[in-house]
Amino acid sequence: MSAEETPPPEMEDIPTAENLNAARAQVKANAGAAGADGRTVARTAEPIKTHRDELLLGLRTGRYRPEAVKAVDIPKANGGTRRPGIPTVLDRLIQQALHRKPSPLREAEFSEHSYGFRPKRSAHDAVRAAQAYVRAGKSRVVDIDLKSFFGHVNHDRLMSHIGRKVRDKRILRLIGDYLRAPMERKDGTQETREKGTPQGGPLSPPLANICLHPLDLELEKRGLSFVRYAGRHRDLLRERTVCGTGGGQRDGMDRTGAKAAGQPGEKRPPAPATGPRCSASGWRPTGRSASRRKAWSGSRRRCAHCGMRGKA
């Protein structure tokens with residue numbers, strides 16, 4: 001049965017014994033740290049058994065509410081920190097059970113160029129695909145790293161995408177509650193969240209792929225050869241390829257709510273309406289902003305990527 005013929009999941013499909021047992025086995029195999037409640041995987045097993053009927057009833061009636069996620073600051077290699085949110089073990093189990101049902105519906109429509117967090121695909125497959133493009137003569141690489149992607153996911157846009165495959169309002173409400181679950185700091189205070197997804201939960205990777213699917217479609221529409229692994233894109237271009245690439249990527253990212261790392265945040269200087277554009281840097285020689293001048297060198301403003309000259 002194809003994805004189009006498969007009926008959309010209902011809440012009754014989530015808390016079945018088979019689905020919960022498989023989800024529990026996956027959470028146990030992943031281990032991981034305790035959430036905001038301080039309970040480890042081992043310490044959560046008994047309470048789940050004791051309150052199993054109450055939990056199932058809460059899920060089926062739509063009354064279950066997730067707990068806060070634990071804020072953890074992890075240093076980045078290039079400076080700064082990232083803050084994944086770690087859900088409680090119980091919420092990780094429910095998220096895993098949710099992940100097992102709607103995700104297969106989306107797999108059939110995801111781009112063949114997407115390799116992150118997908119079954120039977122890996123980072124090694126992404127590297128091999130990129131190498132194949134190089135062997136085909138596409139020697140220029142445009143590397144796009146989406147800026148703090150998991151922390152900037154637009155909830156409304158994401159839920160709109162999910163709603164195209166999931167109709168049960170109880171499931172949609174539960175996913176929305178997970179997106180909005182407050183972040184609990186070390187001092188016990190909580191921070192409300194209006195955007196982003198916590199990186200420490202099983203739902204975060206598939207939700208990221210759903211969110212970035214429109215960007216993949218935009219790049220495919222423009223005939224680009226690219227590889228995406230989570231929030232990282234690499235577009236491979238032939239020598240002296242005429243651009244227009246940058247605009248297409250920005251159009252796709254505008255629809256997902258994502259921003260490329262290194263781009264100005266809320267304000268983006270408009271590109272000149274006419275003139276040549278570098279296929280690698282994406283900027284024209286007449287640009288005056290600091291971010292545009294970085295791609296140009298020499299007294300005659302030569303592009304550091306392709307050698308194209310422009311006015312100083």
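The values are calculated or read from the model by the stated rules, or taken from the named source; none is laboratory data. Keep in mind that this is a model prediction, so the values were computed, not measured. Counting neighbours? That spans all protein chains shown, and the Cβs are built from the backbone with ideal geometry, glycine included. Protein only, heavy atoms only, side chains kept; ligands, DNA and RNA dropped before computing areas. Shrake-Rupley method; radii C 1.70, N 1.55, O 1.52, S 1.80 Å.
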J(HN,Hα) series, the range 171-181, from Karplus relation 6.51 cos²θ - 1.76 cosθ + 1.60, nearest Hz, glycine and proline x = 5, 4, 5, 5, 4, x, 5, 5, 5, 9, 4
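For a Förster distance of 30 Å, can you work out the FRET efficiency between the beta-carbons of Arg185 and His51, rounded to the nearest 0.05?
On the way: r = 27 Å, r/R0 = 0.91.
After rounding, the FRET efficiency stands at 0.65.
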Pull out the extension gain between Arg39 and Ala123, defined as 0.36 nm times the separation in residues minus the alpha carbon to alpha carbon distance; nm, one decimal.
-> 27.0 nm
In the range 1-144, what is the count of Lys pairs whose alpha carbons are under 22 Å apart, counting only pairs at least 8 residues apart or on separate chains?
-> 5
Between Ala31 and Asp156, 0.36 nm times their residue separation minus their Cα-Cα distance comes to what?
-> 41.9 nm
Mean separation of Cα contacts under 8 Å (6+ apart) over length of the range 4-134, as relative contact order % | 29
Residues meeting the amide H criterion for Gly116 (H placed from the backbone, H to H distance under 5 Å, 5 or more places apart or on another chain) are Ala230
The answer for the range 49-123, accessible area per residue at 1.4 Å probe in Å², is 54
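Looking at the range 58-192 only, what percent of DSSP beta bridges run antiparallel? Nearest 5 please. Working shown, then result.
Values: 6 of 8 bridges.
If we restrict to bridges inside the range 58-192, about 75 percent are antiparallel.
Which GluC sites (Glu not before Pro) does the range 1-97 hold that lie in a coil by DSSP with at most 15 other beta carbons within 10 Å? Before the final figure, lay out the partial values.
Details: sites: Glu4, Glu5, Glu10, Glu12, Glu18, Glu54, Glu67; in loops: Glu4, Glu5, Glu10, Glu67.
Passing sites in the range 1-97 are Glu4, Glu5, Glu10, Glu67.
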